[in-house]
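A.B. asks: I'd like to ask some things about the structure below.
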Amino acid sequence: MKTSLLEICDLVHVYMPGTPFERRALDGVSLRVAPGEALGLAGASGSGKSTLAQHMNGLLRPTQGSVRVDGMEIPQRGGNLGRVRATVGLLFQFPEQQLFEETLELDVGFGPRNLGLSPVEVGERVAEALELVGLPVCRFGSRSPFALSGGERRRAALAGVLAMRPRCLVLDEPTAGLDPRGAAALLDLLTRLREERGMSLVVISHRMEDLARLVDRMVVLSQGRVAADAPVRDLLHRTDWLDRHSLEAPALSRLTARLAQEGLSLEPAPLTVSEAEEALRGPLSLG
Ligand SMILES: Nc1ncnc2c1ncn2[C@@H]1O[C@H](COP(=O)(O)OP(=O)(O)O)[C@@H](O)[C@H]1O
Ligand SMILES: [Mg+2]
């Protein structure tokens, strides 16, 4: 069997066990991510998405069950997580709040410096990462993170993760709070990282449209359990089911469902505007 990059088995996470605030945030979650695969992670607020993301690079430790990263099991406590963290990079929600150095160059170099790399190697990684996110070091390197736009700050934070050269990126609500242009630029960047670098992605989002563009497969969490694990194309067209899980189906899926009620069924069910155009060509007798 092909090895998974990420393999999570019956994972349970209990916050503050044995206190009045005890909370079972994950309750037996299993999932796999193959090398180069893009997985979407959705679910109502409080369903456990951020908790699950933090298990993927060992920031949180399993209460029960197991998390393996490229075959390495994350221990319940202790252990050296260097290789795990080098393999899986985690971008927190609102990561720009954690930019703190005086210049972008220093900020993005923070992780590589901590790896004990030489100044030349740190410089190479910083330049590569800033280039990847569209903030070339020659123009942006000496700027303060605080002098950037919201979208640029978010991409600068991503550069800090990319400078560690991970094989898998886990992104917690990467487009939340960005304007449409900033969000589109980030989604394009993620698509390129996957296509050109073969990176695996785990993308948490409540914007189903974003997931439709980015991922192949989707896991929906509900109260700390996996409610669905299916190809994105199947799931995004189950409009009623998504509704029941507090997720809004993409506008195109809702339109497809309405048209089907009116007797016009589109095959295959479209996820993008150009797919919809193609599917409507016949029925509308477009040229
Ligand atoms: N640090 C924490 N301490 C205690 N409870 C927490 C903590 N973080 C999250 N929780 C609880 O765990 C559950 C899952 O939270 P979270 O993983 O943040 O969900 P999501 O990201 O899907 O909104 C929620 O009930 C939340 O209140
Ligand atoms: Mg969250």
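Read the figures in this text as sums done on the coordinates, not as results from a lab. This structure is a prediction, so every number in the text was calculated from the model and none was measured. No Cβ is skipped: glycine too gets one built from the backbone with ideal geometry, and neighbour counts run over all protein chains shown.
A.B. asks: Among the residues in region 135-142, are any of a type in the set (Phe, Trp, Tyr), buried (at least 17 other Cβ atoms within 10 Å of the Cβ) and more than 22 Å from residue 42 (Cβ to Cβ)?
C.D. replies: Yes, region 135-142 has at least one match.
A.B. asks: Among the listed residues 177, 182, which satisfies the condition of being of a type outside the set (A, V, I, L, M, F, W, C), surrounded by fewer than 23 Cβ atoms within 10 Å (Cβ to Cβ), within 16 Å of ligand 1 (Cβ to nearest atom) and within 30 Å of residue 255 (Cβ to Cβ)?
C.D. replies: 177
A.B. asks: Quick one: in region 187-211, of everything that is buried (at least 22 other Cβ atoms within 10 Å of the Cβ) and of a type in the set (Gly, Ala, Ser), which residue is farthest from ligand 2 (Cβ to nearest atom)?
C.D. replies: Residue satisfying both the conditions and the ranking: 200.
A.B. asks: Which of the helices (runs of 4 or more DSSP H) found entirely inside region 11-122 contain at least 2 residues meeting this: surrounded by 14 or more Cβ atoms within 10 Å (Cβ to Cβ) and within 16 Å of ligand 2 (Cβ to nearest atom)?
C.D. replies: Helices (runs of 4 or more DSSP H) meeting the threshold: 49-55.
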